[in-house]
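Derivation of every value follows stated rules applied to the coordinates shown; laboratory data play no part. These figures come from a predicted structure and were not determined experimentally. When we count neighbours, we look across all protein chains shown, and the Cβ atoms used for this are built from the backbone with ideal geometry, even at glycine.
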Amino acid sequence: MRLVFLGAPGVGKGTQAEMASAKLAISKISTGDLLRDGVAKKTSLGLEAKQYMDQGTLVPDDVVIRLVEEKIGSAECEKGFILDGFPRTVLQADSLLGILQKHRWDLDRVMYFVLPRDEVIRRLSGRRSCSKCPAVYHVDYVPPRRDGVCDECGAVLVQRSDDKKETVESRLRVYEEQTSPLIAYYKEKRLLAELDGTGRVEEVQERLLALLPRA
Ligand code: AP5
């Protein structure tokens, strides 16, 4: 199964990708996580990406495409994958087609997450991420057992620097301008499935699994 999770920042793509990849036993490729890892490790890619991420703008296409191409070609992706946060521009989507063609693979579905804007902002402003592991929480909706402490590894929880109000505005604008054209792009290819992102995490997961093509 090869899937793309598409939608505005904060709609729940990462949360659902984490659960679905475990359930379907396929890899999750999150370009945001890969870039943040590069930033934390101060790699040359991370240092280049940081300036864009801090402003809430997109990292240049060629940088992200290289990153994804490398991942898709790795052994861990042979059984399938979920692309979380990629593609985000028409050029990235065209490149993805080319990468898949090289492997003689098709895309099975593009899940388009739909959520009202005020709820998107509530989710982003309350998000807390573990400083050590990939776990993600929300102060009201998905709280950790102990305030400010990760359930999985005990490390301290932090707010992502791009979840500040000004940066969120910029990310939402960039989504509208550069990423939302992909809705029509994938609709035209008959790959788009619209997913209602409201409700509890488990409810959304149930709806998502019901929209997948049968194996
Ligand atoms: P990235 O990390 O991909 O951020 P994003 O797309 O903006 O998405 P988010 O991670 O903010 O949200 P999400 O939809 O995953 O929501 P989540 O599940 O966490 O990208 C960051 C930056 O990297 C970009 O701005 C850009 O600079 C760069 N970048 C990345 N990919 C790129 C690309 N392809 N090209 C160029 N640049 C790129 O949920 C949000 C919150 O809601 C959490 O607190 C969660 O606990 C909570 N929540 C989730 N589901 C529910 C629910 N059902 N009910 C209640 N709360 C919920």
Counting only residues that are of a type in the set (Asp, Glu) and surrounded by 14 or more Cβ atoms within 10 Å (Cβ to Cβ), segment 153-193 contains a total of 2
Does at least one position in segment 148-162 carry a residue that is of a type in the set (A, V, I, L, M), farther than 18 Å from Ala40 by Cα, more than 19 Å from the chain's Cα centre (by Cα) and in a loop (DSSP other than H, G, I, E, B)? no
Listed residues Lys13, Lys79, Lys28; which is in contact (Cβ under 8 Å) with a residue 24 or more places away in the chain, more than 12 Å from the ligand (Cβ to nearest atom), of a type in the set (Lys, Arg) and within 29 Å of Arg190 (Cβ to Cβ)? Lys79
For segment 104-140, give me each residue that is farther than 25 Å from Ser180 by Cα, part of a loop (DSSP other than H, G, I, E, B) and either touching a residue at least 40 places away in the same chain (Cβ under 8 Å) or among the basic types (Lys, Arg) (or both). Arg104, Lys132, Pro134
Can you confirm whether Gly38 is within 15 Å of Asp84 (Cα to Cα) and within 12 Å of the ligand (Cβ to nearest atom)? no
Being among the hydroxyl-bearing types (Ser, Thr, Tyr) and in a loop (DSSP other than H, G, I, E, B) is the filter here; which residues of segment 168-215 pass it? Ser180, Thr198
Kindly list the number of the only condition in (1) over 22 Å from Val136 (Cα atoms); (2) more than 9 Å from the ligand (Cβ to nearest atom) that fails for Thr89. (2)
